[in-house]
Amino acid sequence: MNRLTVGIVDYGVGNLASVTHALHDAGFRVRLAGDTTVLDACDVLLLPGVGAFPSAMKKLRDTGLDVYLRNAAKMNRPLLGICLGMQLLAEESFEMGHSQGLGILVGKVIPLRDTPWHIGWNSLKCTMSDSALQSSHNEFFYFNHSFALAGASEHVSAVAHVPGPITAAVRHGRIAGLQFHPEKSQRAGTSLLRALIQDIAHA
């Protein structure tokens with residue numbers, strides 16, 4: 001069986017080296033590109049991200065990758081967002097004012113209610129029957145964020161508690177998002193990436 005090729009969307013934001021390394025460890029081929037022709041040839045798209053929502057969206061718009069990602073979602077291509085990359089899939093954000101997101105997933109990005117910053121290891125609690133996540137129930141993953149996705153309850157596949165619940169993972173068909181950093185979560189992160197990417201690719 002041929003290995004899947006994951007195309008990391010390079011728009012100048014994200015832990016590109018560590019994500020690439022984690023994907024290789026999970027057994028995937030990896031292409032890092034902002035060129036849509038290269039991304040078209042990949043089996044799965046991965047949108048990384050760190051930093052602030054408004055500046056990240058601006059970079060996507062400036063490169064035209066916002067339109068590309070919206071069209072990819074409409075064509076039912078497998079797409080995974082990580083950390084800020086997951087938040088960018090939402091309709092809007094209230095970080096540093098108000099910004100429009102990609103609108104691929106229902107919901108908005110708002111400040112955490114129970115803490116100004118969620119950083120460190122926390123466990124996942126699965127909230128829906130998602131075979132790709134079930135083996136990660138109660139496993140610990142690395143978080144580092146001060147905003148979270150809200151209003152997407154029908155697509156929330158896992159939460160974490162900080163102490164109140166926050167959206168930790170979302171799933172809508174071939175679209176998935178992880179608020180935490182699987183690439184920094186050691187063996188648990190590698191296992192989850194392997195299972196989730198395989199699952200959305202073949203859904």
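The values are calculated or read from the model by the stated rules, or taken from the named source; none is laboratory data. A quick note: this is a predicted structure, and the numbers were derived from the prediction, not measured. Glycine also receives a Cβ, built like all others from the backbone with ideal geometry; neighbour counts cover every protein chain displayed. SASA here: full protein model, heavy atoms, side chains in, ligands and nucleic acids out. Shrake-Rupley method; radii C 1.70, N 1.55, O 1.52, S 1.80 Å.
Every residue, every condition in (1) polar (S, T, N, Q); (2) more than 21 Å from Val50 (Cα to Cα); (3) in contact (Cβ under 8 Å) with a residue 60 or more places away in the chain, yes or no:
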| site | (1), (2), (3) |
| --- | --- |
| Ser99 | yes, no, no |
| Val109 | no, no, no |
| Pro163 | no, yes, no |
| Ala195 | no, yes, yes |
| Asp199 | no, yes, yes |
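If you go through region 8-61 one residue at a time, how many are open to solvent by 60 Å² or more (accessible area, probe 1.4 Å) and not in a loop (DSSP other than H, G, I, E, B)?
Count: 13.
Yes or no: region 74-88 includes at least one residue that is exposed (fewer than 14 other Cβ atoms within 10 Å of the Cβ) and closer than 23 Å to Ser191 by Cβ. Spell out how you get there, then give the answer.
Of region 74-88, the ones exposed (fewer than 14 other Cβ atoms within 10 Å of the Cβ) are 74-76.
In the following step, the residues that additionally are closer than 23 Å to Ser191 by Cβ were identified as none.
Within region 74-88 (the criterion being exposed (fewer than 14 other Cβ atoms within 10 Å of the Cβ) and closer than 23 Å to Ser191 by Cβ), the answer is no, since none of the residues qualifies.
Rundown of residues vs (1) small (Gly, Ala, Ser); (2) out of contact with any Pro (no Cβ under 9 Å at 6 or more places or on another chain); (3) closer than 21 Å to Phe53 by Cα; (4) open to solvent by 20 Å² or more (accessible area, probe 1.4 Å), yes/no style:
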{"position": "Thr115", "(1), (2), (3), (4)": "no, no, yes, yes"}
{"position": "His118", "(1), (2), (3), (4)": "no, yes, yes, no"}
{"position": "Trp121", "(1), (2), (3), (4)": "no, yes, no, yes"}
{"position": "Leu124", "(1), (2), (3), (4)": "no, yes, no, no"}
{"position": "Gln134", "(1), (2), (3), (4)": "no, yes, no, yes"}
{"position": "Thr167", "(1), (2), (3), (4)": "no, yes, yes, no"}
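Every residue, every condition in (1) more than 22 Å from Glu183 (Cβ to Cβ); (2) modelled with pLDDT under 95, yes or no:
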site: Arg3; (1), (2): no, yes
site: Gly7; (1), (2): no, no
site: Val13; (1), (2): no, yes
site: Thr37; (1), (2): yes, no
site: Val44; (1), (2): no, no
site: Gly64; (1), (2): yes, no
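Matching residues to (1) within 26 Å of Ala148 (Cβ to Cβ); (2) free of Cβ contacts under 8 Å to residues at least 40 places away in the same chain:
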residue	(1), (2)
Cys42	no, yes
Gly51	yes, yes
Lys74	yes, yes
Pro78	yes, no
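Is it true that some residue in region 172-193 is assigned to a loop (DSSP other than H, G, I, E, B) and more than 30 Å from Arg29 (Cβ to Cβ)? Can you show your working first?
From region 172-193, those assigned to a loop (DSSP other than H, G, I, E, B) are 173-174, 179-180, 185; that's our starting set.
Keeping just the survivors that are more than 30 Å from Arg29 (Cβ to Cβ) gives none.
Looking through region 172-193, none of the residues is assigned to a loop (DSSP other than H, G, I, E, B) and more than 30 Å from Arg29 (Cβ to Cβ).
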